[in-house]
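Q: One structure, pasted below without further comment.
The values are calculated or read from the model by the stated rules, or taken from the named source; none is laboratory data. In this text, all values refer to a predicted model and were calculated from it rather than measured experimentally. So basically every Cβ, Gly included, is an ideal-geometry build from the backbone, and we count neighbours across all protein chains shown.
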Ligand code: KG4
Ligand code: ZN
């Protein structure tokens with residue numbers, strides 16, 4: 001075959017996803033099944049439930065991606081699958097399904113690091129050369145890294161506790177936004193963004209965390225606890241029960257979104273200055289890539305644009321569909337690894353790949 005063709009499979013969290021991508025970045029087929037609705041009802045992901053849903057859907061999703069692409073498994077150059085990080089039970093479903101395909105069709109297997117895939121996604125949609133800076137902010141991820149090559153990352157900062165999306169989800173739950181007529185079907189972060197537009201951020205003053213920390217790490221639990229306390233106080237003041245919606249909910253949403261944006265922007269600013277000072281990034285045309293579910297927040301994105309402009313960086317975000325978990329980024333990472341001559345840990349002639 002002239003072109004490399006990779007099937008990518010992703011099951012690290014709550015999306016069952018698959019895609020077939022070719023060497024030039026054409027997406028030939030893709031399919032995704034999201035479990036969000038189920039997990040929203042239980043107020044968070046219950047790993048055995050996620051595992052069961054992956055089991056129920058993986059066959060159909062992979063089949064769909066393949067049949068849309070009109071590529072038969074025998075034509076594939078390799079099968080790439082997320083092996084870490086993520087929920088062990090969820091990862092296991094994708095991995096064992098993939099290894100069955102690998103055995104059946106005698107294909108090389110490319111184990112994929114989920115964060116590497118998120119970081120490289122921008123190279124599928126834009127002409128971005130190494131090195132570039134990447135900020136990953138979602139429900140499960142929070143990191144800042146310098147991407148120096150396909151598998152060459154310098155971790156500059158990470159959350160010391162939870163990810164920003166997780167915090168926003170918890171705040172949204174505490175504010176009972178699921179009962180709000182306008183937000184009931186939205187993720188926590190999206191509900192906060194929606195409600196924030198109707199609120200006044202100046203009515204609450206939540207201090208950004210880690211203002212004195214001389215590094216690029218993040219922290220979100222402190223903010224979450226302050227908001228918990230504030231909500232409790234307000235419930236008393238307004239004389240309402242836990243579980244009802246506060247009249248000040250929109251103001252709280254606006255303030256938490258603002259503080260989150262400030263914190264993320266400040267840590268990113270530090271990372272850019274550090275990289276430029278150490279000549280790890282170009283002075284005049286560095287690229288800052290922002291991805292993950294929280295990157296779809298326009299208020300947070302605006303804050304990052306200001307940072308990028310002030311530091312002569314170009315801010316790039318993958319399209320929303322590629323910012324969240326998907327099979328395309330896994331397949332693309334497989335292509336990147338093939339092109340770089342990296343990372344086939346298992347082929348049918350060799351040793352069986354054992355995940356750690
Ligand atoms: O990337 P993603 O789909 O899944 C992972 O967490 O890996 O991100 C989902 C997270 C959730 O926490 C959700 O609340 C948050 O991204 N999110 C947002 C917005 N849309 C989704 N956070 C802030 N503003 C948004 N518009
Ligand atoms: Zn992810």
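Q: Check off (1) within 26 Å of the chain's Cα centre (by Cα); (2) modelled with pLDDT of 95 or more for residue 208 and give me the number that stays unchecked.
A: Status for residue 208: all satisfied but (2).
Q: Could you grab me the full set of residues in the range 41-74 that are in a loop (DSSP other than H, G, I, E, B), in contact (Cβ under 8 Å) with a residue 60 or more places away in the chain and in contact with a strand residue (DSSP E or B) (Cβ under 9 Å, 6 or more places away or on another chain)?
A: Within the range 41-74, 71 is the sole residue that qualifies.
Q: If you check 230, 268, which single one turns out to be surrounded by 14 or more Cβ atoms within 10 Å (Cβ to Cβ), in a helix (DSSP H, G or I) and more than 28 Å from the chain's Cα centre (by Cα)?
A: Numbers: 268 fails: more than 28 Å from the chain's Cα centre (by Cα).
Residue meeting the stated conditions: 230.
Q: Please state which of the following conditions residue 12 fails to meet, knowing it meets all the rest: (1) at pLDDT below 95; (2) in a loop (DSSP other than H, G, I, E, B).
A: Checking residue 12 against (1) at pLDDT below 95; (2) in a loop (DSSP other than H, G, I, E, B), the one that fails is (1).
Q: When you scan the range 195-202, do you find a residue that is in a strand (DSSP E or B) and surrounded by fewer than 16 Cβ atoms within 10 Å (Cβ to Cβ), even just one?
A: Checked the range 195-202: no residue is in a strand (DSSP E or B) and surrounded by fewer than 16 Cβ atoms within 10 Å (Cβ to Cβ).
Q: Let me ask another. Scan the range 211-227 residue by residue and report those that are crowded, with 17+ Cβ neighbours inside 10 Å and not in a helix (DSSP H, G or I).
A: Passing the criteria: 216, 217, 218, 219, 220.
Q: Name the residue that is surrounded by the fewest Cβ atoms within 10 Å (Cβ to Cβ), counting only residues in the range 287-308 that are assigned to a helix (DSSP H, G or I) and either free of Cβ contacts under 8 Å to residues at least 12 places away in the same chain or within 16 Å of ligand 2 (Cβ to nearest atom) (or both).
A: Restricting attention to the range 287-308, the residues satisfying the condition of being assigned to a helix (DSSP H, G or I) are 293-296, 298-308.
Now narrow it down to the ones that are either free of Cβ contacts under 8 Å to residues at least 12 places away in the same chain or within 16 Å of ligand 2 (Cβ to nearest atom) (or both): 293-296, 305.
Numbers: 293: 25, 294: 31, 295: 24, 296: 22, 305: 16.
By that ranking, first place goes to 305.
Q: Scan the range 120-135 for residues that are within 13 Å of ligand 2 (Cβ to nearest atom) and either farther than 14 Å from residue 315 by Cα or part of a loop (DSSP other than H, G, I, E, B) (or both) and jot them down.
A: Scanning the range 120-135 gives 120, 121.
Q: Regarding the range 238-249, can at least one residue be identified that is under 22 Å from the mean Cα position of the chain (by Cα), touching a residue at least 24 places away in the same chain (Cβ under 8 Å), crowded, with 17+ Cβ neighbours inside 10 Å and not in a helix (DSSP H, G or I)?
A: Keep residues of the range 238-249 that are under 22 Å from the mean Cα position of the chain (by Cα), which gives none.
No.
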